[in-house]
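Quick notes on the structure that follows.
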Amino acid sequence: MVTAVQLKNDVDEILPGVVADRRWLHEHPEVGMQEVETAAFVAQRLAQIGVEDVRTGINVTGITGLIRGSAPGGNPDRVVLVRADMDALPILEENEVEYVSQNLGVMHACGHDAHTAMLLGVSRLLMDRRDEFAGTVKVLFQPAEEVDPGGAKGMIAEGVLEDPHVDVVLGLHVASGIPTGEIHLRPGPSNAAPDAFSIRIQGKGSHAAEPHESVDPIVVGSQIVLALQALVSRETDPMDAAVVSVTAFLAGEAFNVIPDTAELRGTVRTIRNEVREHLSRRLAEVAEGVGRTFGATVTTDYIFGAPSIVNDPAIVELVRAAAVAVVGEENVHEAVVGMGGEDFSYFTEARPGCFFNVGTRNEERGIVWGHHHPRFDIDEEGMAPGIATMANAVLTILAAEQV
């Protein structure tokens with residue numbers, strides 16, 4: 001079995017190529033379900049590496065490939081899937097770097113360029129070690145993580161967890177809030193289920209000088225915004241994480257006209273399914289009840305997003321051991337549950353798995369901006385421990401007696 005020291009040395013050797021791939025991807029970002037150039041780049045790289053059975057066009061632009069181990073003994077029928085997401089965001093980049101986005105108004109502001117480049121690096125490492133492990137690694141490059149309903153669900157529907165049957169799923173995310181060199185992970189829930197809602201208020205318009213002739217949807221909407229805050233502060237157990245945020249209030253166009261309609265939009269974030277179900281029901285009841293109180297008609301549209309990622313404790317322990325071997329016990333930490341959404345949850349819903357965070361923050365170099373910010377960037381040195389940890393995790397899981 002390959003040692004962690006050997007892996008780290010080999011990652012250092014291939015890192016310049018991984019950085020070059022990441023920078024090309026950063027310069028050529030594409031939003032969800034439009035990752036045509038990105039997918040072609042990935043397919044070409046996989047062919048150059050020698051990955052077998054490369055399949056393209058899965059759920060529009062998704063790609064899979066197989067790396068089959070040839071070592072005797074072990075678990076030859078075990079299959080581990082490793083996933084990277086490929087899509088960018090509709091954001092105008094403000095970084096002044098040589099690899100700045102060449103696609104105006106589109107930017108890799110979440111790190112998916114790094115995820116894709118890192119998985120290509122992992123693929124190269126594992127291809128070079130096929131005679132050192134038994135079993136199969138399925139590499140998966142997913143479209144549209146940032147776009148509802150997400151690319152993972154469609155890829156699963158098209159059969160990526162079969163042929164061959166996948167036993168374990170792994171994924172990672174670079175993290176702007178974690179220092180370079182650290183790995184964070186946790187068993188159980190690791191993030192929130194990201195739901196969305198829109199609330200339409202039908203009132204009665206009038207001249208702004210005659211408000212008594214109106215059913216003012218702006219006043220009704222304001223009351224709804226305030227009432228929704230009680231769903232968390234007064235209806236949710238303080239030990240249960242939950243967020244209700246109204247993020248858009250659309251109404252009116254003139255200073256002297258009370259409009260007849262208004263619309264609220266926002267998001268609900270929850271960890272536990274019971275809380276999710278309660279808030280989805282009560283949000284509509286509260287909004288529509290407030291509307292009736294003021295004489296308006298309110299209709300609510302609640303859109304369920306991806307579920308929360310739930311990491312399998314046994315798989316987490318194997319990944320934790322692999323991470324410790326790479327970066328040391330002092331650099332492996334218990335992750336904090338985040339309220340962001342991530343459609344890797346569809347994979348962990350279907351198979352036992354682990355999703356972990358890789359630190360890429362470097363305050364000395366000014367790499368401190370958060371995800372989805374127009375100045376987001378990563379410390380590219382942080383990709384090395386991420387690649388080595390993922391490769392070592394795959395080898396550890398394939399070698400384990402049971403998973």
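I'm trying to understand the selection: among the residues of region 1-25, which are over 26 Å from the mean Cα position of the chain (by Cα), over 12 Å from Met383 (Cα atoms) and in a helix (DSSP H, G or I)? Listed by number, the residues that qualify are Ala4, Val5, Gln6, Leu7, Asn9, Asp10, Glu13.
Here the condition is being acidic (Asp, Glu), touching a residue at least 60 places away in the same chain (Cβ under 8 Å), on the phi < 0 side of the Ramachandran plot and in contact with an Asp or Glu (Cβ under 6 Å, 6 or more places away or on another chain); of Asp87, Asp113, it holds for Asp87 alone. The sole residue among Ser308, Ser245 that is touching a Gly at 6+ places or on another chain (Cβ under 7 Å) and closer than 30 Å to Leu172 by Cβ is Ser245. Among all positions in region 294-301, there is no residue which is part of a helix (DSSP H, G or I) and at pLDDT 95 or above. Within region 302-315, can you find the residues that are outside any helix (DSSP H, G or I) and among the small types (Gly, Ala, Ser)? Answer for region 302-315, where residues must be outside any helix (DSSP H, G or I) and among the small types (Gly, Ala, Ser): Gly305, Ala306, Ser308.
So, Ala88, is that one touching a Lys or Arg at 6+ places or on another chain (Cβ under 8 Å), buried (at least 18 other Cβ atoms within 10 Å of the Cβ) and in the same structural domain as Val51 (by TED's automatic domain parsing) or not? Judged against the criteria, Ala88 is not a match. Note on region 370-403: residues that are within 22 Å of the chain's Cα centre (by Cα), of a type in the set (A, V, I, L, M, F, W, C) and either under 18 Å from Leu66 (Cα atoms) or not in a loop (DSSP other than H, G, I, E, B) (or both) total 8. Among the residues of region 26-40, those that are assigned to a helix (DSSP H, G or I) and either buried (at least 19 other Cβ atoms within 10 Å of the Cβ) or in contact with a Lys or Arg (Cβ under 6 Å, 6 or more places away or on another chain) (or both) comprise His26, Thr38, Ala39.
Inspection of region 99-115 finds a residue satisfying the criterion of being in contact with a Pro (Cβ under 8 Å, 6 or more places away or on another chain), hydrophobic (A, V, I, L, M, F, W, C), in a loop (DSSP other than H, G, I, E, B) and surrounded by fewer than 24 Cβ atoms within 10 Å (Cβ to Cβ). Taking Glu253 as the residue in question, decide whether it is surrounded by fewer than 17 Cβ atoms within 10 Å (Cβ to Cβ) and free of Cβ contacts under 8 Å to residues at least 60 places away in the same chain. So Glu253 passes the test. Annotation note: Cβ proximity below 7 Å between a residue of region 373-389 that is at negative phi and a residue that is among the hydroxyl-bearing types (Ser, Thr, Tyr) (sequence gap 6+ or interchain) occurs for Phe376/Ser176; Ile378/Thr360; Asp379/Thr180; Asp379/Thr360; Glu381/Thr180; Gly382/Thr180; Gly382/Thr360.
Those strands (runs of 3 or more DSSP E) of region 141-230 in which at least 2 residues are closer than 30 Å to Asn75 by Cα, considering only elements entirely within it, cover 168-179, 183-185. Per this entry, Asn331 is not counted among residues that are closer than 22 Å to Leu89 by Cβ and among the polar types (S, T, N, Q). Regarding region 42-53, can at least one residue be identified that is part of a loop (DSSP other than H, G, I, E, B), in contact (Cβ under 8 Å) with a residue 24 or more places away in the chain and either assigned by TED's automatic domain parsing to the domain that holds Asp163 or among the charged types (D, E, K, R) (or both)? Among the residues of region 42-53, at least one is part of a loop (DSSP other than H, G, I, E, B), in contact (Cβ under 8 Å) with a residue 24 or more places away in the chain and either assigned by TED's automatic domain parsing to the domain that holds Asp163 or among the charged types (D, E, K, R) (or both), which makes the answer yes.
The values are calculated or read from the model by the stated rules, or taken from the named source; none is laboratory data. Keep in mind it's a predicted model, so treat the numbers as computed, not measured. Heads up, the Cβs are rebuilt from the backbone with ideal geometry, glycines too, and the neighbour counts pull from every protein chain shown.
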